[in-house]
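Each value in this text was obtained by applying a stated rule to the coordinates, not by laboratory testing. Not measured: the values here are computed from a predicted model. Note that each Cβ is placed from the backbone with ideal geometry, even for glycine, and that neighbours are counted across all protein chains shown.
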């Protein structure tokens, strides 16, 4: 049985077992999610322990290994252009499809009051870090502290600067450093292969507690909204496959190779946690590791492909729930603003939602609505992450193909 099938089996069994436990009154079964949750966390931690050194190794090898060629600058410009273009596509999807679909929801005052009342009990909001602090933090005073704290973007900025500096020093000395990081990368990929063998069990232990806690208590209105947004995310993801097909890539092989990565993203809700598996998938698909080393770290740090669609749809939903009629121009402003803000995502729970606060304040929308979206973000975020990791590898393949032409 191949790894992809075993991971999917773990996801399916965890979901079924969790739903069965949610309906059970047995003390033994009720306590099972609490017993399994730490095992899932251990598996995620095993992945995360490889991420920081792997990111550094990938970037150093990709940039310093190029020497003084113009490849880094060329692919960097194409990468940012493609990121911006696809974020605009996600925003356009929200404008064209989410707004009309939200209008089809039957939101009466009674349902609205019930949903809003429940959200005040279940939602816990964390403070949004000030933009000034985020901007200052981009340059790490201590790169080692940034690595220890999991501050990816500051660490990547330091690593890029360090890699560019390597290009300027004696070639023999620079080669020694690149060789060290190449060996580090190869060793970490071996460790990752070991961790991935445990993926079916890790996914099972992650998904079971989630489905057990959710059970069947979802309100019809919220359930309809969740299904609608998840369906739009799947439709948006299809654009990546279409783009690869237009560029002449084998989308069947891409889909098969992406499956385990998507399942990991679905279970962990973290694009960063899927990075090791994404690197391995890029090798299977024949992507140049120099390209992957440049694009994938940038993608997991900056590129949130499905977030503008999901977060904009959530804003439309909150406006409808509170009985606020948005004009066409406001729909456009929300879509574009969320797309722009998606590049600034705080490293805190539901950070992608918390960045919506300025948009709500600017348009006079009730900020309390963000609390409701946080309460139902669990399922939506699973689909967002799966779509994001699909786009990360899809963009990498597209750019690699463009570099070869």
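Things worth noting here:
- Extension gain, residue 104 back to residue 242 (0.36 nm per residue minus Cα-Cα distance, nm): 46.9 nm
- Computed lengthening from residue 169 to residue 283, 0.36 nm per intervening residue step minus Cα-Cα distance: 38.0 nm
- Computed lengthening from residue 322 to residue 343, 0.36 nm per intervening residue step minus Cα-Cα distance: 4.8 nm
- Among 185, 252, 304, the order by Cβ neighbours within 10 angstrom, fewest to most, reads 252, 185, 304.
- Computing FRET efficiency as 1/(1 + (r/R0)^6) for residue 16 and residue 49, where r is the C-beta to C-beta distance and R0 is 35 Å, gives about 0.70.
- In terms of surrounding Cβ atoms within a 10 Å radius of their Cβ, 312, 9 rank from fewest to most as 9, 312.
- With a Förster radius of 60 Å applied to the C-beta separation of residue 189 and residue 329, the computed FRET efficiency comes to 0.75.
- Part-to-part distance (alpha-carbon centres) for the stretch 1-52 and the stretch 228-290, which is given in Å: 22
- Here the residues 194, 43, ranked from fewest to most Cβ neighbours within 10 Å of their Cβ, fall in the order 194, 43.
- A Förster radius of 35 Å, combined with the Cβ-Cβ distance separating residue 84 from residue 361, puts the computed FRET efficiency at roughly 0.90.
- Per-peptide average of other Cβ atoms within 10 Å, ordering 93-99, 389-395 highest first: 389-395, 93-99
- Computed packing ranks the peptides 221-232, 323-334 as 221-232, 323-334, most packed first, by mean other Cβ atoms within 10 Å.
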